[in-house]
Amino acid sequence: MVSPQLYRRAIPAAARITRWTAPDGWALRRFDWPANGPARGRMLFQGGRGDIFEKYLEAFAHWQAQGWSITSFDWRGQGGSGRLSPDPHVGHVDDFQLYIDDFRAFWAEWRAERAAGTGGPHVAIGHSMGGHLLLRALVEGAAEPDAAVLVAPMLGLHSPLGATLGERLAVLLGGIGDAARPAWRGNEKPATTETRQALLTHDQDRYEDELFWQASKPDLLLGPPSWRWVIEAFRSTRRLRADSRLKTLSVPLLFVVPENDQLVAPKAAYGVAAKLPDAQIARFGVESAHEILREVDAVRNRALGAIDGFLAARAPGPRA
């Protein structure tokens, strides 16, 4: 296991941060960390709403030490990939199709890259919104990894009103005035008495890692979502849950699900997994909040172990 302190607040010397240009000319911030020596394979990791790839450097170090070449990019409209709202602190998008279009084009280029030492399987991991978009990309034929992992995937929003009423309320409120305005003032969800940290992780030090990057690179900071983003999140997750193509998806999938998640709906993930012909589930209880890869060591290491075991079995490479 790589030392947990080694890469949490520093970009690895061998890593590269560049720009990737989407077909419409939009520039997205890209991260690449090649494996040392012959590669075990290549891994594309995509974070959630408001995420930056710096938050996952510790997990990247774990996989890179195993021989994976790691790639990630900030989703359009967040991190270092520009903004889609006049307010740089609001996470806005008009249509989730923009995310899928970017992912499709990026995957095609990344998959075709044949740099020295980059043989072996190609796998994808998505956290939260990234998990939703990854599964949607698989269903729509935008990517065909050898195996994929969905970590706390956003396949339903955690709404006290339920999915149907929650979506109706979002459409109603978002239809009043500018839909690019923030849906709420702060935190990760509205009207909550829980702190942001309590929603994300029980690990104080790892939570402060994110605060470190926000202070070091304030231009990467993103606040609450827009009403349009909320509407799109309800709509896109609803349509994906009902997509008949789930039943014929051939990509092996691992779901890593914190059952006490207060941001996305674990039951929605279970429902989707039940429709897939080749899906496994690693379940976690009250010991884990939403960001399971940034949880306390006992939880995080168990999650990494589940992912490693799954990839060893379903995407074996030269070193397996």
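The values are calculated or read from the model by the stated rules, or taken from the named source; none is laboratory data. Since we're looking at a predicted model, the values are computed, not measured. Every residue, glycine as well, gets a Cβ built from its backbone with ideal geometry; the counts of neighbours run over all protein chains shown.
Of note:
- Selection of helices (runs of 4 or more DSSP H) fully inside the range 80-188 by the criterion of at least 1 residues being within 16 Å of the chain's Cα centre (by Cα) and buried (at least 17 other Cβ atoms within 10 Å of the Cβ) returns 97-112, 129-139.
- Search result, residues across the range 63-79 that are surrounded by 22 or more Cβ atoms within 10 Å (Cβ to Cβ) and within 25 Å of A313 (Cα to Cα): W63, Q64, W68, S69, I70, T71, S72
- Hey, W213 farther than 13 Å from G131 by Cβ and surrounded by 22 or more Cβ atoms within 10 Å (Cβ to Cβ) or not: no
- Failed criterion for R245 (all others in (1) crowded, with 18+ Cβ neighbours inside 10 Å; (2) in a helix (DSSP H, G or I) hold): (1)
- For first residues located in the range 201-223 and under 15 Å from G50 (Cα atoms), partners that are β-branched (V, I, T) and surrounded by 13 or more Cβ atoms within 10 Å (Cβ to Cβ) and lie 6+ apart or on another chain with Cβ distances below 8 Å form the pairs Y207/T201; W213/I52; K217/I52; L220/I52; L222/V90; G223/V90.
- Selection of the range 277-291 for residues being within 15 Å of G305 (Cβ to Cβ), within 18 Å of the chain's Cα centre (by Cα) and in a loop (DSSP other than H, G, I, E, B) yields only S288.
- Beta carbons closer than 6 Å, at least 6 apart along the sequence or on distinct chains, never pair a first residue in the range 155-175 that is in contact (Cβ under 8 Å) with a residue 12 or more places away in the chain with a second that is of a type in the set (D, E).
- Within the range 8-44, considering residues that are under 24 Å from A148 (Cβ atoms) and modelled with pLDDT under 95, the one surrounded by the most Cβ atoms within 10 Å (Cβ to Cβ): R40
- The listed residue being buried (at least 21 other Cβ atoms within 10 Å of the Cβ) and of a type in the set (D, E, K, R), out of E208, E232: E232
- Failed criterion for E295 (all others in (1) in contact (Cβ under 8 Å) with a residue 40 or more places away in the chain; (2) more than 18 Å from the chain's Cα centre (by Cα) hold): (2)
- Matching residues in the range 295-311 - criterion: being out of contact with any strand residue (DSSP E or B) (no Cβ under 8 Å at 6 or more places or on another chain), over 17 Å from A279 (Cβ atoms) and not basic (K, R): E295, V296, D297, A298, N301, L304, G305, D308
- Only one of the numbered conditions (1) within 13 Å of D209 (Cβ to Cβ); (2) surrounded by 23 or more Cβ atoms within 10 Å (Cβ to Cβ); (3) not basic (K, R) is not met by G48, and that is (1).
- Qualifying residue in the range 45-59 (condition: farther than 28 Å from P225 by Cβ, among the aromatic types (F, W, Y) and out of contact with any Lys or Arg (no Cβ under 8 Å at 6 or more places or on another chain)): no
- Residue check, V257 more than 22 Å from the chain's Cα centre (by Cα) and not hydroxyl-bearing (S, T, Y): no
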